[in-house]
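The values are calculated or read from the model by the stated rules, or taken from the named source; none is laboratory data. All of these numbers come straight from a predicted model, not from anything done at the bench. Backbone-built Cβ (ideal geometry, glycine too); neighbour counts: all protein chains shown. Surface accessibility is based on the protein's heavy atoms, side chains included, excluding ligands, DNA and RNA. Shrake-Rupley method; radii C 1.70, N 1.55, O 1.52, S 1.80 Å.
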Amino acid sequence: MSQPNPNPNPDGDGAYGWGPTQPGYGYPNPAPGYGYPGQGSPAYDPTLAGGQLVPTSGGGQPLVSIGDITVMNDGIVTPSGTLPLRGAVWNATDMSRTEEKIPTHAIILAVIFFLFCLLGLLFLLMKEKKTTGFIQVTVTSGGKHHSTMLPATGPDSFQIVMGQISYARSLSTM
């Protein structure tokens with residue numbers, strides 16, 4: 001080896017020491033240099049002193065959340081980006097269905113009790129409702145479009161989602 005050990009042990013015995021001897025690029029504080037925006041303006045710094053996050057515009061509490069669409073005071077936050085709230089067009093499509101059927105145990109009880117007394121046929125009045133499918137919610141604003149699918153958990157799921165969309169529509173017109 002013609003060069004001395006580039007990373008000697010900090011104890012001074014000349015053995016190889018693993019890892020850098022001094023903090024590297026960006027640790028513990030980001031070093032100004034190529035690729036970093038101007039350090040003078042706090043809007044570009046990811047954090048302020050003490051590790052506090054820089055406040056950004058559009059902060060505040062979410063007003064309504066429909067699936068992965070969140071409506072804030074001045075924008076609509078989606079996984080595909082932030083859309084402007086003013087002038088947004090909201091649509092919902094009900095792609096769910098509710099089936100009503102007589103459960104198996106009601107048929108068995110009707111047969112058993114029909115043989116003993118004629119009241120067994122009342123068990124056939126038992127009904128079971130099951131809702132399956134999704135509700136599709138779409139929002140279009142500022143030339144961008146986002147769509148999400150919400151599972152329908154009951155026959156009233158579409159009315160609940162339409163109530164949320166009506167509120168979002170009223171916020172879009174302000």
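Probe 1.4 Å, all protein chains in place: accessible area of residue 74 in Å², nearest 10?
Roughly 90 Å² of residue 74 is accessible to a 1.4 Å probe.
Tell me, what is the percent relative contact order of the stretch 68-155, built from C-alpha pairs under 8 Å that lie six or more residues apart?
Rounded, it is 31 percent for the stretch 68-155.
Less than 13 Å Cβ to Cβ from residue 155, Lys/Arg counted +1 and Asp/Glu -1: what total charge do the surrounding residues give?
In short, -1.
Quote the convex hull volume per residue of the stretch 53-174, based on C-alpha atoms, as a whole number of Å³.
Convex hull of Cα atoms, per residue: 132 Å³.
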